[in-house]
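To start, the structure under review is shown below, and the notes come after it.
The values are calculated or read from the model by the stated rules, or taken from the named source; none is laboratory data. Bear in mind the structure is a predicted one, so any value in this text is a computation, not a measurement. Using ideal geometry, Cβ is built from the backbone for each residue, glycine included, and neighbour counts are taken over all protein chains shown.
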Amino acid sequence: MFIDVHAHLDDKAFHKDREEVLQRIKEAGIIVVNAGADIKSSYFSVELAEKYDFIYACVGVHPHDAAKVPKDYLRELEELAKHPKVIAIGEIGLDYYYEFSDRKIQQKVFLEQLELAESLNLPVVIHNRDAHQDTLNTLRKSAPIKGLMHCYSGSLELARELLKLGFYFSFGGVITFKNAKKPKEVASQLPLDRILLETDCPYLSPEPYRGKRNDPTRIPIIAEVLAKLRETSVQEIEDTTFSNFTKLFSLEPDHLSY
């Protein structure tokens, strides 16, 4: 069974045909983790998870929205996290590429959510863009029990440091791009038992659909490219990433069948 470990099916890109997309995902037999990016999308993720057996949820505030968090946002996230299908706090982290929120505010909100995850004994899903050292330093200070570096774009050297902290890594459509040398290198050399697949839909659609709206049904395309990079079979990628998913999020495999 394929797992899309990071999606945004709540995005406005799906407003017109979300039900149709969800039906195609179900028919494809793919399990999806929908990630929160702010309080509103976190609520939406939980609603999707309640409605569809094949969807799980993460709740959290993305660094882009760190400057706009309400005063009681941690309380809201804690309440949402009580839902049995909420499996992580995320996506959270740092983004110094766009800097929609001041760096100090990003760091404060990031640390607060890491502490929340620790108090709830939940893994975290990390967004890191052009903030590699600060992300690593923060995680070293307040490392959760387990976590996922979503859409990993850092170096192999950084990945090795994050491995020591118990992190897993997810790769998406970027590894299908011809010029994506670093992600291809990292995906080919990390231990396979720490790798997961994602779409980050509606973004980062794999080749030959680059530039078009992405969705979880394209996970097999990403798996095929990863299999070639690893010189293994698609079946091994499917089986191992499924196992990694259950271990990272402490889920019973028998409970994940449709």
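Some notes on this structure:
- Screening Tyr43, Tyr98 for residues that are aromatic (Phe, Trp, Tyr), surrounded by fewer than 19 Cβ atoms within 10 Å (Cβ to Cβ) and assigned to a loop (DSSP other than H, G, I, E, B) leaves exactly one candidate, Tyr98.
- Considering the conditions (1) buried (at least 21 other Cβ atoms within 10 Å of the Cβ); (2) modelled with pLDDT of 95 or more; (3) on the phi < 0 side of the Ramachandran plot; (4) not β-branched (Val, Ile, Thr), Asp200 is excluded by exactly one of them, (3).
- Note on the stretch 124-199: enclosed helices (runs of 4 or more DSSP H) holding 2 or more residues that are under 25 Å from Ser42 (Cα atoms) are 132-141.
- When residues of the stretch 46-71 are limited to those that are in a loop (DSSP other than H, G, I, E, B) and touching a Lys or Arg at 6+ places or on another chain (Cβ under 9 Å), the one nearest to Ala117 (Cα to Cα): Val61
- Of all residues making up the stretch 217-250, the number that are surrounded by 16 or more Cβ atoms within 10 Å (Cβ to Cβ) and not in a helix (DSSP H, G or I): 1
- Some residue of the stretch 10-20 being of a type in the set (D, E, K, R), crowded, with 20+ Cβ neighbours inside 10 Å, touching a strand residue (DSSP E or B) at 6+ places or on another chain (Cβ under 6 Å) and not in a helix (DSSP H, G or I): no
- Listed by first and then second residue, the pairs with beta-carbon distance under 6 Å, at least 6 apart or on different chains, first residue in the stretch 85-108 and over 9 Å from His64 (Cα atoms), second surrounded by fewer than 19 Cβ atoms within 10 Å (Cβ to Cβ), are Tyr96/Asp130; Tyr97/Arg129; Tyr97/Asp130; Ile105/Ala67.
- Flag if Ile31 is closer than 23 Å to Asn214 by Cα, hydrophobic (A, V, I, L, M, F, W, C) and free of Cβ contacts under 8 Å to residues at least 40 places away in the same chain: no
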